[in-house]
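Here is the structure we will look at, set down as structure tokens.
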Amino acid sequence: MSYDHQRIDKKWQSAWEKAGIFHAKDEDSREKFYALVEFPYPSGAGLHVGHPRSYTAMDVIARKKRMEGKNVLFPMGWDAFGLPAENYAIKTGVHPAITTKENINTFRRQLQSIGFSFDWSREFSTTDPAYYKWTQWMFLQFFKAGLAYKAKAMINWCPKDKCGLANEEVIGGNCERCGTPVEKREKEQWMIAITKYADRLLADLDTVDYLPKIKKQQQDWIGRSEGAEIDFDDIKVFTTRPDTILGATFVVLAPEHPMVGALTTDGCRAEVEEYIALVSKKTDIERGDDTKEKTGVFTGSFVVNPANNEKVPVWIADYVVVNYGTGAIMAVPEHDERDHAFAEKYDLPIVDRPLLSFDEALKKTGGRKKVTYKLRDWVFSRQRYWGEPIPLVHCEDCASTGSAPDGWVAVPDEDLPVLLPDVKKYEPTDNGESPLSSIKSFVNTKCPKCGGAATRETDTMPNWAGSSWYFLRYIDPKNDEAFASKEKLKHWMPVDVYNGGMEHTTLHLLYSRFWNKFLFDQGFVTTSEPYARRHSHGLIMADDGTKMSKSKGNVVNPDDIVAEFGADTFRMYIMFMGPFEEPVPWSTNGVVGVRRFLDRVARLPEMIAETENASVTKVLHKTIAKVTKDIDDFSFNTAVAAYMAFVNVVYASGRVTKQTVVQFLMLLAPFAPHLANELYETIGGTGFAEVQPWPVSNATLAADDELTIAVQVNGKLRGSIVVSADMNEADLIVAAKAEPNVAKYVIDEPKKTIVVKGKIVNFVV
Ligand code: ANZ
Ligand code: ZN
């Protein structure tokens, strides 16, 4: 058969859709399997080849699980709030809702052209009011539980986007989106107390199956430290080494520490102020760079080391950060490298004193055990347009009567969603407020509590909000009474396998675990952990190994590959190009090679005969066993290699039974579903490949017959090797020479090599 991919791709895609075979069933006696991929932000650039790497992998898994008899939920939707659409609106005046809709249509068309087996009946966008109604409702649950609070915070501020950023959105000191160096600003922000869950987010990693590097990144990000808080007079220091306290010869405060002003003596004030001004210009990255020389100044004050009652000087230095521990340290130059470098530079005492035990140190100093985390509370408001409005109202009256602490009143459930109003201008105001703040009809409202005049919160949520619970909504996407029914949640949760980018490990993955745990505590969801297993894919790079980028013109468009080579070639190539977890460069030659392979597959029906060689039966069963295991292990490239090896054996043998071809097509179907279905139909199969059972390997048929071969040198037995019965002569000679004892005697090329088939190899040297 000549392989007309354009016809075949369309034919099967519409057949699948018509039959609705990828729709997950809520009532079903089969075991459930929930396969999840990170839903995309539908950017104007369309689908990137990186997206299908994740989706194809999970599609392969979802398709295999269906054939194994599972009731599979494999959904797709859109994470569509966020800055690009908004920045585009600022430039062009086109409403983000319009661009978002267009982009979604493009993405959907592209995904469908690749033949992913998503259950499209469950599709939604985080920007749909019917969806963000529940995002707002969940925010209010945080608020009502006291976990959402407004606080003045030093936040990361992007001067270009005029926008506050979470720590996670600052990459190398720059704004994640526009690259502008990030400044610090003090601003009132809604915060969510993720730190209250730090311990459980850490401990429960033991209950899930994540790639080790994913767990490690989350552990490091949460950054739990056990230590102690010890008072040096009024200064509280945090230390993980109270045992070293006898060697503490000075105290260092962060330059932003609130006590700096009071501790600074008049004689030192000018220098201290100058230093603080200098530090305020540095980025966190510069400050955290341990290779740079340490700087600092003396405050002029002394405090008492409580372990030995010695007076020690108080310094400020920017290697101490204000928002970690207590923002103050006891410096122990003898045991701490940074303190040592600092002491040497400023000529401070370095003394070698005996260590105390932890408990002894606490007892002597009145110190307290303390656990500290690197994790910070989540800055949850943005002064931007294209996000979910925060559903709160501020009422002066309720503030003064005390009926609403700080005057913040939740919008009642029946008034949700608070719809995003239309605006004329999308820019934040000049003082950095959300554009919503200039719409009087939005801002001015009635207090839900007392009925008096009140004003709405005009901040919107960060784009991490909608993605924190979308996996729950897929389970019951049309529900208007609840975000999802409890019975359905019970049926589908947790997600069995979740794949996504490593760049989301400390952001989305941590946020959504936290969000789910909170909902669990409130009794709204049925599992404490949302994802049973988490995997991650490597990036796809340009053919020269650099990152694909528009400006370099090296971006590969999936549409072009699908049009020229077909969806199955694209899918299979993406899975074949390298180990799934690693970054890999794109190679057009590689695409051509996979297409050639599929052309060979397309001719298999022509080789069908009544009987086949035993070698063909054997390789079939080996391939079944290998592919089955490889898919479970995310080892897709080796699975594709196994398909190729199988086809080579069939071609070498020249004939194959129909039964073997059918089994092979079923095995191939998850990777190349269009071609597998087409060939299956060609040879008289009925029903979709997708509803056929997954092939089972027969261990007896797959087993290698093994032989023990004697290896002689000049007729004398020097060793023996165990090889598979079908090993060819060249390989056999190589294996015989490699036998260690034989190798001692066969140093140069032997004069003659005699092989007695199945019995002996004799080297004449
Ligand atoms: C005395 C000491 C002696 C320390 C020693 C370390 C080694 P982790 O493990 O990261 O939690 N530290 C405490 N607060 C700090 C801050 N705000 N900025 C910079 N450094 C800070 O590190 C805890 C240790 O880092 C603490 O224990 C403190 O130095 C320092 F041989 O106290 B240590
Ligand atoms: Zn009120």
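The values are calculated or read from the model by the stated rules, or taken from the named source; none is laboratory data. Quick caveat, the model's predicted, so the values are computed rather than measured. Because the Cβ atoms are built from the backbone with ideal geometry, glycine has one as well, and the counts that use them run over all protein chains shown. The protein model used for the area step is the full one, side chains on, heavy atoms only, and it has no ligands, DNA or RNA in it. Shrake-Rupley method; radii C 1.70, N 1.55, O 1.52, S 1.80 Å.
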Per residue accessible area in Å² of the chain, where ligands, DNA and RNA are left out and the probe is 1.4 Å: 43
With a cut-off of 14 Å, note down the residues of segment 450-487 whose backbone N falls inside the zone around a label point 7 Å from the Cα of SER403 toward its beta carbon. 450-454
Within the chain, percent of DSSP bridges classed antiparallel, to nearest 5: 70
Give the cross-link partners of LYS716 among the lysines, using a straight C-alpha distance below 29 Å as the criterion and excluding same-chain residues fewer than 8 apart. LYS737, LYS744, LYS751, LYS752, LYS757, LYS759
Please work out how much length the chain gains when fully extended from GLN141 to ASP430, using 0.36 nm per residue of separation minus the C-alpha to C-alpha distance, in nm with one decimal. 100.8 nm
Roughly speaking, what is the centre-to-centre gap between segment 183-242 and segment 265-312 when only Cα atoms are used, to the nearest Å? 25
Given points 7 Å out from each Cα along the Cα-Cβ axis, report the LYS152 to GLU581 separation in nanometres with one decimal. 4.7
Just need log10 I(q)/I(0) for the chain at q = 0.06 Å⁻¹, Debye formula, equal scatterers on the alpha-carbon atoms, no solvent, rounded to two decimals. -0.53
Where a Cα-Cα gap under 30 Å defines reach, which lysines qualify for LYS552, not counting those fewer than 8 residues away within the same chain? LYS91, LYS101, LYS160, LYS162
Tally Lys and Arg at +1 and Asp and Glu at -1 over the other residues with C-beta under 11 Å from the C-beta of VAL713: what net charge comes out? +3
FRET efficiency for THR638 and ASP266 from the Cβ-Cβ distance with R0 = 56 Å, rounded to 0.05, comes out at 0.15
Here is the link list: LYS196/LYS292; LYS187/LYS374; LYS70/LYS490; LYS216/LYS370; LYS281/LYS369. Which ones come out longer than 26 Å on Cα distance? LYS196/LYS292; LYS281/LYS369
Contour excess over end-to-end distance, with Cα ends at SER724 and ASP233 and 0.36 nm allotted per residue: 169.0 nm
Accessible area in the full protein assembly, largest first, 1.4 Å probe, for GLU529, GLU582: GLU582, GLU529
What is the local net charge at TRP134, summed over the other residues whose Cβ is closer than 13 Å to its Cβ (Lys, Arg +1; Asp, Glu -1)? -3
Report the convex hull volume per residue for segment 558-701, counting only C-alpha atoms, in Å³. 109
Return the whole-Å distance between the Cα centroid of segment 386-430 and the Cα centroid of segment 132-163. 12
Using Cα pairs under 8 angstrom and six or more residues apart, how large is the relative contact order of the chain, in percent? 14
First measure r as the distance between the Cβ atoms of LYS216 and ASN557, then evaluate 1/(1 + (r/R0)^6) with R0 = 51 Å and state the FRET efficiency to the nearest 0.05. 0.90
Could you compute how much accessible surface GLU414 exposes when probed at 1.4 Å, giving the result in Å² to the nearest 10? 150
Are there any chymotrypsin sites (Phe, Trp or Tyr not before Pro) in segment 295-391 that are in a DSSP loop and have at most 15 other Cβ atoms within 10 Å? List them by number. none
Could you work out what % of the accessible surface of the chain is carbon and sulfur, using a 1.4 angstrom probe and leaving DNA, RNA and ligands out of the count? 52
So for segment 704-764: antiparallel DSSP bridges make up what percent, rounded to the nearest 5? 75
What's the ranking of 446-458, 664-676, 237-249 by average number of surrounding C-beta atoms within 10 Å, highest first? 664-676, 237-249, 446-458
Helix-derived [θ] at 222 nm for the chain: sum -39500 (n - 2.57) over DSSP H runs of at least 4, divide by residue count, nearest 500? -11000 deg cm²/dmol
By how many nm would the segment from ILE608 to ALA130 lengthen if fully extended, with 0.36 nm per residue of separation less the alpha-carbon distance? 166.6 nm
Two-site label geometry, SER485 and GLN659: point separation in nm, points 7 Å out along Cα→Cβ: 4.6
If we count every other residue with Cβ under 12 angstrom of GLY50's Cβ, Lys/Arg +1 and Asp/Glu -1, where does the sum land? 0
Taking loop as defined by DSSP and a crowding limit of 13 other beta carbons within 10 Å, which trypsin sites (Lys or Arg not before Pro) in segment 1-105 fit? LYS25, ARG30
With the contact rule set at Cα under 8 Å and sequence spacing of 6 or more, what percent relative contact order holds for segment 558-701? 30
How big is the gap, in Å, between the Cα center of segment 536-575 and the Cα center of segment 684-706? 32
So for each of 741-750, 536-545, 496-505 I average, over its residues, the number of other beta carbons within 10 Å; can you give me the resulting order with the highest mean first? 496-505, 536-545, 741-750
If you take the beta carbon distance between ALA277 and LYS25 as r and set R0 to 45 Å, what does 1/(1 + (r/R0)^6) give as a FRET efficiency, to the nearest 0.05? 0.10
